[in-house]
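FYI, it's all coordinate maths here, none of it is from the lab. Keep in mind the model is a prediction, meaning the values are calculated, not measured. FYI the Cβ positions are ideal-geometry reconstructions off the backbone, even for glycines, and counts take in every protein chain you see.
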Amino acid sequence: MFSLKKILFILGVFISVGINAQKDSITVDNIKVTGAIKINSNYFNPLSPAKAAFYSAILPGLGQMYNKKYWKAPVVWGAMGTSIYFYLDNNKEYNRYRTAFKLREAGLKDEFTTIEEDGSTTLLISRNGLISAQKTLKSNRDLSLLTTLVFYVLQIVEASVNAHLLQFNTNDNLSFSPTIISNSNRYEIPKVGLKFKLSF
């Protein structure tokens with residue numbers, strides 16, 4: 001059983017912790033600050049991510065240039081240019097095979113039909129081949145368009161996120177450096193652990 005002295009001791013500890021945990025607040029009115037106010041050049045700009053996203057939406061790669069990541073702009077242009085090239089090429093080939101299919105269905109000569117000297121016709125591509133080519137080229141064209149749209153959205157998101165991350169403090173005191181620390185007291189069991197040290 002608890003004695004009265006133990007109970008009073010425990011209550012005294014809790015009361016003293018509560019008393020020491022309280023903080024006093026002082027309010028001071030009518031304070032005037034004189035002198036020049038210095039503004040840090042690395043201040044937080046809440047509109048920077050919105051501007052970067054807006055510039056990227058207007059012209060792909062412009063948001064990356066706004067973030068001063070100039071090497072990313074040619075990557076964006078190359079990715080979007082490649083997907084646009086494949087879209088245009090597949091669309092041109094699709095229209096070519098589609099026109100040939102329509103002419104053949106109408107009973108006319110198309111570019112994949114040759115007429116020999118004796119009047120006979122030779123089909124370079126069959127009707128089923130034309131149908132299959134149209135399906136494949138249409139699928140590739142649509143995939144190229146989707147890829148272009150994905151690259152467009154991704155470069156907008158990347159510019160906005162990069163503008164957010166550029167405003168974080170990244171000096172050497174916040175760096176992560178893994179080290180191996182051996183335990184000199186106990187050698188029999190190897191131990192693996194992880195230690196984080198933050199210095200401000």
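Sorting 58, 131 on the 10 Å Cβ count, fewest up front, what's the list? Working shown, then result.
Details: 58 9, 131 13.
The order, fewest Cβ neighbours first, is 58, 131.
Convex hull volume of the C-alpha atoms in region 48-167, normalised per residue: 104 Å³. Extension gain, residue 84 to residue 150: 0.36 nm times the residue separation minus the Cα-Cα distance gives 22.6 nm. Other residues with beta-carbon under 14 Å from the beta-carbon of residue 67 carry, at +1 per Lys or Arg and -1 per Asp or Glu, a net charge of +3. In this simple spin-label approximation, residue 3 and residue 116 carry label points 7 Å from Cα along the Cα→Cβ vector, and these lie 12.2 nm apart.
Relative contact order of region 48-167: 41 percent, from C-alpha pairs under 8 Å at least 6 residues apart in sequence.
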